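The values are calculated or read from the model by the stated rules, or taken from the named source; none is laboratory data. Keep in mind that what you see is a predicted model, and the values were worked out from it rather than measured. Using ideal geometry, Cβ is built from the backbone for each residue, glycine included, and neighbour counts are taken over all protein chains shown. Please note that ligands, DNA and RNA were not included when accessible areas were found on the heavy atoms of the full protein model with its side chains. Shrake-Rupley method; radii C 1.70, N 1.55, O 1.52, S 1.80 Å.
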Amino acid sequence: MIEYHSFCRHEKSCTSVSSPLTGKFSIKTSKKENSWQQQLSTARRGFYELCQLLDITSDGFEGLEKLDDDFPVIAPTAYLSRIVKGDPNDPLLLQILPNAAELIETPGYSQDPLEEESSSPAPGLIHKYHGRVLLIASSTCAIHCRYCFRRHYPYQENRFQRNQHQQALNYIRSNREVREVILSGGDPLTLSNKYLQWLVNSIADIPQISTLRIHTRLPVVIPDRVDTDLLDLLSGRLNIVLVIHCNHSNEIDEEVGYALRKLSKSGITLLNQSVLLKNINDDADTLGLLSHQLFDNGVLPYYLHMPDQTQGTAHFDISEAEACSLMSSLAGVLPGYLVPRLVREQPTSASKTQLPFL
Ligand SMILES: *Cc1c(COP(=O)(O)O)cnc(C)c1O
Ligand code: SF4
């Protein structure tokens with residue numbers, strides 16, 4: 001079970017969304033009334049509420065409520081507003097809607113497919129690759145992606161308060177070969193600017209660190225997160241690399257584009273990683289359009305991940321052979337710099353493993 005920060009404990013319904021009296025609703029937010037924190041705190045929704053909001057049938061879900069209890073639906077209004085109502089196959093909807101297939105036990109799939117727990121020298125710290133460490137900065141996400149390989153991560157046992165992070169920082173300081181700290185999660189940008197400021201300053205104080213990388217879905221999911229204070233706190237001595245996580249061009253609307261261009265203009269290097277997902281983005285047209293849309297907003301494609309073998313996610317998989325042939329179609333229509341690297345993560349490798357084109 002995932003632990004939520006205090007601003008995430010709240011009622012399941014979002015008052016800005018539905019109006020049962022008129023029978024109509026609008027999923028537009030009034031910007032003035034909705035700070036990013038408010039948008040985050042109202043993002044938790046039950047399965048049935050999600051179906052109602054998006055005009056999707058909830059038939060057949062009876063008895064499957066466990067899915068929603070174990071890994072609840074979380075999706076902010078800004079994200080929902082990009083989903084086509086009434087379309088059960090919408091590529092954004094399929095990323096967040098609980099599915100009975102999650103209950104199928106797949107042989108060989110595990111709860112911790114990357115065996116991260118075995119390479120953790122301090123709470124929330126994963127040191128697997130040379131020269132860089134990954135710090136789980138926050139246990140909260142602004143959205144729950146059904147394919148997530150961290151959906152079973154024991155967040156409860158890894159408490160991320162200052163004193164825990166301090167232990168991780170001490171480890172980093174004593175490792176002279178580490179040049180880059182990667183903030184991951186959960187989503188690091190669910191942290192308050194105040195806490196982030198402390199973390200970023202503490203990292204900048206470690207002399208051998210030159211680069212701070214942040215893996216986040218927030219600029220895509222709640223673009224209002226990209227506020228002036230965030231840009232300010234990222235403007236210190238470190239190189240900042242922000243790796244967003246966008247799987248489909250429908251995820252980039254005007255507001256997301258604006259947020260990304262603001263980040264890019266402030267000198268931050270922007271990269272994108274996607275997960276290759278069956279029936280969501282597993283064709284060359286969709287991925288090609290995504291690459292172009294990203295680049296138009298200052299973002300270069302970085303990784304395209306094969307889904308990890310996490311229990312409950314096998315229905316998102318496509319075969320390696322299909323993935324590789326998809327990559328060769330993509331490379332046939334895109335400039336080289338817009339072709340992401342197709343990778344798979346293996347527990348024992350010293351880096352992500354790149355798959356060849358067919
Ligand atoms: C993916 C990952 C990294 C970063 O790898 P890059 O190839 O530098 O992007 C670092 N640590 C862990 C544990 C990772 O999973
Ligand atoms: S935002 Fe990232 S960590 Fe959070 S559920 Fe989605 S994929 Fe997983």
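FRET efficiency for the pair ALA350 and CYS324, taken as 1/(1 + (r/R0)^6) with r the Cβ-Cβ distance and R0 = 22 Å, rounds to 0.50.
Highest average first, the peptides 323-336, 209-222 ordered by how many other beta carbon atoms sit within 10 Å of their residues are 209-222, 323-336.
Counting other Cβ atoms within 10 Å of each Cβ, which GluC sites (Glu not before Pro) in the range 156-210 have at most 11 and sit in a DSSP loop? Spell out each step's value before the answer.
On the way: sites: GLU157, GLU177, GLU180; in loops: GLU177.
Taking the range 156-210 and a limit of 11 other Cβ atoms within 10 Å, the loop GluC sites (Glu not before Pro) found are GLU177.
The local environment of ASP205, defined by Cβ-Cβ distances under 12 Å, has a net charge of +2 under the rule Lys, Arg +1 and Asp, Glu -1. In order along the range 308-314, phi translates into HN-Hα couplings of 6, 7, 9, 3, x, 10, 4 Hz, rounded to whole numbers, per the Karplus curve 6.51 cos²θ - 1.76 cosθ + 1.60 with θ = phi - 60° and x for Gly and Pro.
Taking 0.36 nm per residue of separation and subtracting the Cα-Cα distance, what length does fully extending SER81 through GLN167 add?
Extending this stretch completely gives an extra 26.9 nm.
Each listed q (0.14 Å⁻¹) maps to a log10 I(q)/I(0) for the chain, found by the Debye formula over equal Cα scatterers with no solvent: -1.29. Length gained on full extension, ALA100 to GLU254, computed as 0.36 nm times the residue gap minus the Cα-Cα distance: 52.1 nm. With the simple spin-label model, which puts each label point 7 Å out from Cα in the Cβ direction, the TYR337 to TYR48 separation comes to 5.2 nm. In this calculation the C-beta distance from SER235 to GLN208 is compared with R0 = 25 Å, giving a FRET efficiency of 0.75.
Amide H contacts of ARG213: VAL181, ILE182, LEU183, VAL241, each under 5 Å away and 5 or more positions distant or on a separate chain (H built 1.01 Å from N in the peptide plane; Pro and chain starts excluded). Between amide H atoms placed 1.01 Å from N, distances below 5 Å from LEU271 occur with LEU242, VAL243, ILE244, LEU300, all of them 5 or more places distant or on a separate chain. At full extension, ASP70 and LYS278 could sit 72.6 nm farther apart than now, given 0.36 nm per residue minus the alpha carbon distance.
With all protein chains present, how much of the accessible area of the chain (probe radius 1.4 Å) comes from carbon and sulfur, to the nearest whole percent? Write down the numbers at each step before the final one.
Numbers: 7820 of 15750 Å².
Exposed carbon and sulfur together represent 50 percent of the surface.
Net charge near GLN37: determine it from the other residues with C-beta under 11 Å of the C-beta of GLN37, scoring Lys and Arg +1 and Asp and Glu -1. Numbers along the way, then the final one.
Values: positive: ARG225; negative: ASP224, ASP227.
Counting the neighbours of GLN37, the net charge comes to -1.
Would you grab the residues whose amide H sits under 5 Å from the one on LEU304? Only those 5+ places off in sequence or on another chain, please, with H modelled 1.01 Å from N. Correct list: SER274, ARG341, LEU342, VAL343.
Computed from backbone phi, the HN-Hα couplings of the range 76-88 come to x, 4, 4, 6, 4, 5, 9, 8, 6, 5, x, 9, x Hz, rounded to whole numbers (Karplus: 6.51 cos²θ - 1.76 cosθ + 1.60, θ = phi - 60°; Gly and Pro given as x).
Separation of the range 283-358 from the range 106-125 is 23 Å, based on Cα centroids. For the range 37-131, GluC sites (Glu not before Pro) are listed when DSSP marks them as loop and at most 11 other Cβ atoms sit within 10 Å of their Cβ; the list is GLU62, GLU105.
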